[in-house]
Structure formats: structure tokens, C-alpha cells
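Mind looking over this structure? Questions follow.
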Amino acid sequence: MVRKIPLGAGDAQGMLAAFDALLGEYAHTSKGTCTVSLTVSDSVAAIVGLPWQDALSGPEELDAYADACFEQIGQTVNDGWTMNSYFRHYRAMGLAYALPTAWLDLLNEIIQTHGMRLDSVLPVTAAAFGRHRRAGNGKTSVLILRETNRTSALVYGASGLVDYTMEPTTKRGPESLSRLLRRLAGAHEIASVADWSADSADDTAWHELITACAPKAKYTRVKRDAWS
């Protein structure tokens, strides 16, 4: 089941309330114990790219390295957060994400109240990082992830992830995406762009904008349920 839950900027509690109502509807039609795997808005999480490090020798060193990377972007991830960090490809950039532990506890309580079991929770970018298949031609490809209040981008090269960046979405949404694409085009020679959106509305205007900012890149639309 794929269902979009409206989420205002930073409205993590609003997401819990909407999800509680959604589970209440679904519980009437389900039989037995269900497991729940969630892909949630990046706005609930803290996310940072992890440049490759040869010297990391275990999970504790990886977590300490992720903490340092978060600190470099001004984000403190302390005991109030639940963090995961990993590298998907050898010698390529990895990703770390953290979710508020108290929020996760409330989410788990809601799911258990409806007789279900929580299996996993992933921010959109982490889900895409784990499941997106980069172009196999060795050229630079960009995965755009558009949400209501932010646009993120994962940049892939021959070895895997080479860059992660994010741009907050203002009332002038197209300008935010333009800034992000111009920044990426200045740093990378983009051969292809895959475009994902949390909104199922018509994407013609966004397609035209992306093509204008990266005219030599091949454009592909990614299905909304690709990370679900």
C-alpha cells in the first residue's frame, strides 16, 4: 500500500497523527499481524554524505566518523537521535542519517496500538541511496528527489555516489531546483538526470526546467513508489 501523507515543513508530529489515522483505516481490512516499512520525508531526519575513508575498521569508528561529518555541517547528533551510517560501494561516498529517537518511539507505539509491527523507517534519500541503480556507463548521473519543502540530489559516478546535496524549497519552488541544478552543473559534467517527486501531479514544467538547466543530460522520470 502506498499513500501520501501531507506533511508541513518540520511537522513531524503532524505526520504521526496522519499516519495513525491511516493505520486506523487499514486495520479494518487487514488480517493477522502486519509488518510496516516506512519511507518518510527527509524533513524528519538529519542526513549527511560520508566521503570514503580507508582507515575505518569497524562500526564504532564508522559512527564516530559520521558524527564528525554531521558536526561539519552544524548538525549535532547526540543520544536523542538514532543514527545509521554505511557505504554502499567500495571507495565511493557513503551516507549517514539520523532520526529523533523520541519520534521513533512514538511511531512504534502507534503501530503496535494497531496490532502491527514496525520493520524499518527510512528517510527518502536513504531509501533512494539503498535502492537506486546508477547508470552503468561510467558517466555522471544525478538523482533528483523533490519533496514539498526540500529538493535533494544524489550524484553518481563510475564507482558509486560522489556527491550529496540539498536545497530548501521556498515559495518559489522552481528557483530552488534551478539553484541546485546550477550548482551541480558547475561541479559535474551531468550525462543523465533521474527525477523523483513525492507529488503525483503533472511534471511537465519540472521536466522542462531540468532540461533547461542540464540541456545535454538524458531525462528519466522515476515512479513515485520506487522507494516504497
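Hey, what D do you get for region 38-123 in µm²/s if you plug the Kirkwood alpha-carbon radius into Stokes-Einstein at 20 °C and 1.002 mPa s? Intermediate results must be reported in sequence, preceding the final value.
Details: Rh = 14.0 Å.
Diffusion coefficient, whole number: 153 µm²/s.
Then there is this: By how many degrees, between 0 and 90 and to the nearest 10, does the Cα long axis of helix 173-187 differ from the longest principal axis of the chain?
The angle comes out near 50 degrees.
Another one. Mark the label point 7 Å from the Cα of residue 119 along Cα→Cβ and return the residues of region 94-108 whose backbone N is within less than 18 Å of it.
108
Tell me, 218, 139 in order of fewest to most beta-carbon neighbours within 10 Å?
Listed from fewest to most nearby Cβ atoms, that is 218, 139.
Using the beta-carbon distance between residue 68 and residue 221 and R0 = 45 Å, what value does 1/(1 + (r/R0)^6) give for FRET efficiency, to the nearest 0.05?
Calculated transfer efficiency: 0.75.
Treating the angle as unsigned and between 0 and 90°, give the value, to the nearest 10°, between the Cα long axis of helix 204-213 and the longest Cα principal axis of the chain.
40 degrees
Here's a follow-up. In debye to the nearest 20, how big a dipole does region 61-152 give about its Cα centre with +1 on each Lys and Arg Cβ and -1 on each Asp and Glu Cβ?
Dipole about the Cα centre, nearest 20: 820 debye.
In whole Å, what are the extents of region 162-213 along the principal axes defined by its C-alpha atoms, from largest to smallest?
Projected onto the principal axes, the Cα atoms of region 162-213 cover 29, 22, 18 Å.
Based solely on its DSSP helices, what 222 nm [θ] is calculated for the chain when runs of n ≥ 4 H residues each add -39,500 (n - 2.57) and the sum is averaged over all residues, nearest 500 deg cm²/dmol?
-10500 deg cm²/dmol
Continuing with the same structure: Identify the GluC sites (Glu not before Pro) of region 142-228 meeting these criteria: DSSP loop state and at most 13 other C-beta atoms within 10 Å of the C-beta.
189
Work out how much length residue 158 to residue 35 would gain on full extension: take 0.36 nm times their residue separation and subtract the Cα-Cα distance, in nm to one decimal.
Result: 40.7 nm gained on full extension.
Under 26 Å between alpha carbons: how many lysine pairs meet that in the chain, if sequence neighbours fewer than 8 apart on the same chain are excluded?
Qualifying lysine pairs in the chain: 7.
Determine one quarter of the surface area of the Cα convex hull of region 132-221, which equals its mean projected area, and express it in nm² to one decimal.
5.3 nm²
On a 0 to 90° scale, report how tilted helix 12-27 is relative to the longest principal axis of the chain, with both axes built from alpha carbons and the result rounded to the nearest 10.
So the inclination is approximately 60 degrees.
Values in this text are rule-based calculations from the coordinates and carry no lab data. These figures come from a predicted structure and were not determined experimentally. Quick reminder, even Gly has a Cβ in these numbers, built from the backbone with ideal geometry, and neighbours come from all protein chains shown.
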